[in-house]
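What follows draws every value from the coordinates through simple rules; no lab data is involved. For clarity, every value in this text was computed on a predicted model and none was experimentally measured. Note that each Cβ is placed from the backbone with ideal geometry, even for glycine, and that neighbours are counted across all protein chains shown.
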Amino acid sequence: MVTEITLPNPPKPLGLYEPVGRIENILYSCGTTARDPRYKGRLGENVTTSLGTEAARKCALNVISILKEALEDLSKIEQLVKMNVYVATVNTWEEHSKLADGASAVFHELLGERGRHARTTIGVSCLPGGTCVEIEVVVKISEMKKG
């Protein structure tokens, strides 16, 4: 069962790129952040795991809003195939998977079984705009009828 969640307006690109790339029935989202100054910093330094998990949820909501704008209807999503989560951390912080679960949970809540996915979580020294989390997804969509 798909949960009813109010999505934010899709964030506009901050550079020379498209929010979504497409090859046949596979969509690739751009890397997307929470776009909120509360989530600036690095995990293990000035951002807690709890706050980072909240940021990951907001990133996921922003990605879903981008996908909805591209598709007009989220029911066209057949499967969330893969999610990459990038986390700005100090080199001793080790709760990457716990934080990424915040984003995964949003996809499960909104898409049900279609939101199950493979995932990679990577620690980095910094992210665009000083944010603590950035995510990107690969989504399989239903074949579109031609004509």
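Quick notes on this one:
- Close Lys pairs in the chain (alpha-carbon distance under 26 Å; sequence gap of 8 or more, or different chains): 26.
- Of the GluC sites (Glu not before Pro) in the stretch 10-95, the ones in a loop by DSSP (not H, G, I, E or B) with at most 16 other beta carbons within 10 Å are Glu24, Glu45, Glu72, Glu94.
- Helix-only arithmetic for the chain: the sum of -39500 (n - 2.57) across DSSP H runs with n ≥ 4, divided by the residue total, places the mean residue ellipticity at 222 nm at -9000 deg cm²/dmol.
- Rel. contact order, % - alpha carbon contacts under 8 angstrom, at least six apart, the stretch 60-128: 45
- Between Glu113 and Lys82, full extension at 0.36 nm per residue minus the direct alpha carbon distance yields a gain of 9.8 nm.
- Of the chymotrypsin sites (Phe, Trp or Tyr not before Pro) in the stretch 13-63, those whose Cβ has at most 14 other Cβ within 10 Å and which sit in DSSP loop: Tyr17
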